[in-house]
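Structure record follows, encoded as structure tokens.
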């Protein structure tokens, strides 16, 4: 009786109606799947488990702890991984990739919350246990949250700072009550957090890099580690959660290996030889012409094309606005106009791409082509005066050039904006009032980015702007981006159908001076902060759509990113031995639900 009575008493003390246990929670609306659902709709529930798979990545690793700031970008893939799956650690809840933002029970069998989302209570599954056989307890959850709040990555520590009180309820529940700074997404974010074993983690050494695997509750254990070269995981035959509905049809291999390569060309050669089983391809020219090797022509390699129902996201040249030369939005806008997309698309990509015009293009969250309606204008208030009129009325569109790389009309527009920002052409050079030439460096990661930067460089030189290009190795790139030591980089901002707290890490003024986040542009605009808050606090689907659209408009008006391109498909080549479901969910293909067809 205590387990039932205590939540009721606490709810009444909080001024909330007693909550009922829920099998799933959604950011907006209700979960699509009923309480008695058997599995996610995009898995094969009858798959024969077994066999193995080898993934390939470019980079290196020197750490097995994915939750700390040190070596945050060189932690071994697969430990806690949105692409390959969380192999070693389970989260409290599992996200469905066929709904915008809905979570179902995993370590937490059910949850409870109130209409205001002022608290959430995680009721642990009594079957949940660690790989060493000990049960997962409320004490483990509270220990983990304290540890991540104090020593975890910002994406873990920041949401946990919004917890005013954490307490054990009954035998297997943990209740979190939030501060008034929390938002409606906060409880869902915490539902995606891992749980670590209190009995097997030393808090004193937790924030140090280590190649010693931690005890986990997930479907795999670490089998072998070759630092910087490869990591292999083996299935835990005693995994507690294999029959949980959210895990049915997933984690289908007995062994998973991730191989590391210095260059993508070497990785692809390994794939051609059959040493790597999966090759996601993002290069149109490569996708069209590189698959003439024997395994591909014989049918041993299969090329799959997937069409997710996702927003475009934003790939672009990012201005580091911490640099004085990029502090003026008119300068950033002028520099953005100089890039000749039509030339690059034709000469570098065989015309495969579409120009990106919005952070949420191809979805109802996008402002592109739509005038701000009454709900948006009400949300914006006086902020609307900072938004360009054509972006506000939905007529905004990036210019279409003649494809020459030096379209005179477009360059004239760019020069006019640069003049407003204090630059004029004198003696063939773009100079400021002190006679200094406008000059900056583009830092790139690979040959493909370098080609794009060279095309941009050529157009900028036509109006007297001096641009240097530096391609660096992975470790130097990570070091320089983490310390904000760059003028311009090329980055991809992934957009989902449920944008939320990640926007704080990308665009919040308060985050621009912190390490370990994604504030690559260094935006410093309190109005952006206000619109992010509107996104986080929206209750209804209509309010949420209006909030994201208005936020999209202000981001576009700020010209923090020179928009490049997107394609509405996902391309993946795979070994014929690797099978996949016929159903493609909302978010596109999901590698954790694929399998080895040769499994016996």
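The values are calculated or read from the model by the stated rules, or taken from the named source; none is laboratory data. Treat the numbers as computed from the prediction; the structure is a model and nothing was measured. Cβ: placed from backbone, ideal geometry, glycine included. Neighbour counts: every protein chain shown.
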Q: Collect the residues in region 240-264 that are farther than 14 Å from residue 592 by Cα, part of a loop (DSSP other than H, G, I, E, B) and either touching a strand residue (DSSP E or B) at 6+ places or on another chain (Cβ under 8 Å) or at pLDDT below 95 (or both), keeping them in residue-number order.
A: 240, 244, 262, 263
**Q.** Only listed residue being within 30 Å of residue 476 (Cα to Cα), out of contact with any strand residue (DSSP E or B) (no Cβ under 6 Å at 6 or more places or on another chain) and assigned to a helix (DSSP H, G or I), chosen from 451, 384, 419
**A.** 451
Q.
Kindly evaluate residue 297 against the criterion of being outside the structural domain of residue 486 (by TED's automatic domain parsing), surrounded by fewer than 16 Cβ atoms within 10 Å (Cβ to Cβ) and within 24 Å of residue 492 (Cα to Cα).
A. no
Q) Pick from 473, 518, 542: which is assigned by TED's automatic domain parsing to the domain that holds residue 366, surrounded by fewer than 16 Cβ atoms within 10 Å (Cβ to Cβ), in contact with a helix residue (DSSP H, G or I) (Cβ under 9 Å, 6 or more places away or on another chain) and modelled with pLDDT under 95? A) 542
**Q.** Leading residue by the ranking (surrounded by the fewest Cβ atoms within 10 Å (Cβ to Cβ)) among those in region 249-261 that are farther than 16 Å from residue 223 by Cα and in contact with a helix residue (DSSP H, G or I) (Cβ under 8 Å, 6 or more places away or on another chain)
**A.** 261
Q: Of the conditions (1) in contact (Cβ under 8 Å) with a residue 60 or more places away in the chain; (2) over 18 Å from residue 315 (Cβ atoms); (3) not in a strand (DSSP E or B), residue 480 clears all except one; give me its number.
A: (1)
Q: Would you point out which residue out of 394, 351 is assigned by TED's automatic domain parsing to the domain that holds residue 482, part of a loop (DSSP other than H, G, I, E, B), free of Cβ contacts under 8 Å to residues at least 24 places away in the same chain and at positive phi?
A: 351
**Q.** Selection from region 131-155 of residues that are closer than 21 Å to residue 205 by Cβ and surrounded by fewer than 21 Cβ atoms within 10 Å (Cβ to Cβ)
**A.** 132, 134, 139, 142, 143, 146, 149, 150, 151, 153, 154
Q) Is at least one residue of region 422-433 buried (at least 18 other Cβ atoms within 10 Å of the Cβ) and under 22 Å from residue 565 (Cα atoms)? A) no
Q: Working only within region 100-123, note down all residues that are in a loop (DSSP other than H, G, I, E, B) and either in contact with a helix residue (DSSP H, G or I) (Cβ under 6 Å, 6 or more places away or on another chain) or surrounded by 24 or more Cβ atoms within 10 Å (Cβ to Cβ) (or both).
A: 106, 107, 117
